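The values are calculated or read from the model by the stated rules, or taken from the named source; none is laboratory data. Predicted model, so just to flag it, every value in this text is computed and none were measured. Virtual Cβ from ideal backbone geometry, glycine too; neighbours counted across all protein chains shown.
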Amino acid sequence: MNPLINARASKIEDPVEKLRFLRTTDRRVVQMEAVIGRPQYWWLRNQKFWLAVLFVLSVPTFTYFRAAAPPALLADSANSAPTRRPRREAPLEKVWLVDTKSSIETWSSGLHIDTRYATTNRPREYYVWNRNLPASSLTQLPSRQAAGIVFHTTESTLEDLAEHKTSRLKYLGESLVQFARTEKAYHYAIDRFGRVFRIVAESDAANHSGKSIWADDKWAYIALNESFLAVAFETQTRTGDEAPAVTQAQIDSGRLLTRMLRARYDIAATNCVTHAQVSVNPSNFLIGYHTDWAGNFPFEEMGLPDNYAQPLGSIQLFGFTYDNTFFAATGARMWKGLGSADDLIREEAKQKSLSVTQLRTQLRNNYRRLSALLPENNSPMAEKPSKDTGKAAEVNQ
């Protein structure tokens, strides 16, 4: 980054204002394209050519910078081609149940699931909006077919992971599972030893995401309790880019569980997301009502692409925005998704000859219209907002 730009940006405390400043000052890519487009032979004496060579040679460094930079810093080079979701990948290798002994399921992938605390809830029933149709009707999809996975943190009490505390750690993990069972909060929970517990049956809805939105290439999902499975890690949220507080055992089990669920329900990798990415507050049209896994979920370790880079459907399709509080809770990886969604909004407003504010008003009305069509159990308007960051915040307090 230009030292003068960097110095000035560092003095802007408001992160949103800082992004706006960087968006209007960083024009390097456009300038470089202009330099490369000059007539031949000029390069023998032109200093900017050699700067271009150095630029090309430093691609790995620049690529790293792009991955760590706020989305606004990258927007100028992306405005001509808004971010699009990748195509759906080929189905995973089949995974099947091998054996069940003493309430432990063994799966062909090596996954073990403890079913002692398994319970039921209302049968899954969900409706989605076909993005290719006007926002005036919903489509009911097969009730047993989960469309995606939402990853959560439990926000429960943690102890140091030490051998002499094994009994205490087991107690905390199983107390958490019992609480989640009572609340019907998740489909699965993974304790700090990597033990996978089934809680709510996969065929049923769980009370995990509340007011929430996600979208893939065809469908927009509203109120993900019905349509997405919930996988919770026994851990606490860490802000932004801080390393996640999960054990290697949790990562290993999470990868196997994710693989099994994706293979069983043919779930696209792009529909495996975090609670912070889907949580919304319709009362003020801000995203990030819950902020668990807001920037440091180990997507790669779960065998998934970095889905933080995906544009958020809540912003792109329904006109939600974000404030400084949410921005401060996120990491640089998630800024890319926020910036991509912002770019898509601006591009659509330009195509429709509307201001961004006018377009957002239309999109918010679409959200209200579709929400009103949902059955009572699904409707986000009928839910009472909770105050916790993760669904199981109260356990062991």
> Hey, among Ala245, Ala249, which residue is at pLDDT 95 or above and either over 28 Å from Pro375 (Cα atoms) or under 16 Å from the mean Cα position of the chain (by Cα) (or both)?
Replying inline: Ala249
> Residues of the stretch 256-267 being buried (at least 19 other Cβ atoms within 10 Å of the Cβ) and either among the aliphatic types (A, V, I, L, M) or without any contact (Cβ under 8 Å) to a residue 60 or more places away in the chain (or both), which ones?
Replying inline: Leu256, Leu257, Met260, Leu261, Ile267
> So is Ile190 β-branched (Val, Ile, Thr), surrounded by 24 or more Cβ atoms within 10 Å (Cβ to Cβ) and under 20 Å from Leu256 (Cβ atoms) or not?
Replying inline: yes
> Looking at Asn324, Asn365, which one is on the phi < 0 side of the Ramachandran plot and more than 23 Å from the chain's Cα centre (by Cα)?
Replying inline: Asn365
> For the stretch 123-196, list the strands (runs of 3 or more DSSP E) that sit wholly inside it and hold at least 1 residues that are over 24 Å from Thr237 (Cα atoms); which are they?
Replying inline: 127-130
> In the stretch 310-335, how many residues are surrounded by 19 or more Cβ atoms within 10 Å (Cβ to Cβ), out of contact with any Phe, Trp or Tyr (no Cβ under 7 Å at 6 or more places or on another chain), hydrophobic (A, V, I, L, M, F, W, C) and within 20 Å of Glu242 (Cα to Cα)?
Replying inline: 4
> Looking at Ser314, is it under 19 Å from Gly148 (Cα atoms) and in a helix (DSSP H, G or I)?
Replying inline: yes
> Can you tell me which of Asp114, Asp160, Asp99 is surrounded by 13 or more Cβ atoms within 10 Å (Cβ to Cβ) and modelled with pLDDT of 90 or more?
Replying inline: Asp114
> For the subset of the stretch 277-311 comprising residues that are among the hydroxyl-bearing types (Ser, Thr, Tyr) and in a loop (DSSP other than H, G, I, E, B), which member is nearest to the chain's Cα centre (by Cα)?
Replying inline: Thr291
>> Please verify whether Ile104 is surrounded by 12 or more Cβ atoms within 10 Å (Cβ to Cβ), in the same structural domain as Val273 (by TED's automatic domain parsing), free of Cβ contacts under 8 Å to residues at least 60 places away in the same chain and not small (Gly, Ala, Ser), treating the condition exactly as stated.
In response: yes
>> Can you say whether Gly210 is surrounded by fewer than 22 Cβ atoms within 10 Å (Cβ to Cβ) and modelled with pLDDT under 95, as far as the supplied structure shows?
In response: yes
> For the stretch 161-195, how many residues are β-branched (Val, Ile, Thr) and within 25 Å of the chain's Cα centre (by Cα)?
Replying inline: 2
> Residues Gly288, Gly295, Gly337: which one is over 30 Å from Ala135 (Cα atoms) and not β-branched (Val, Ile, Thr)?
Replying inline: Gly295
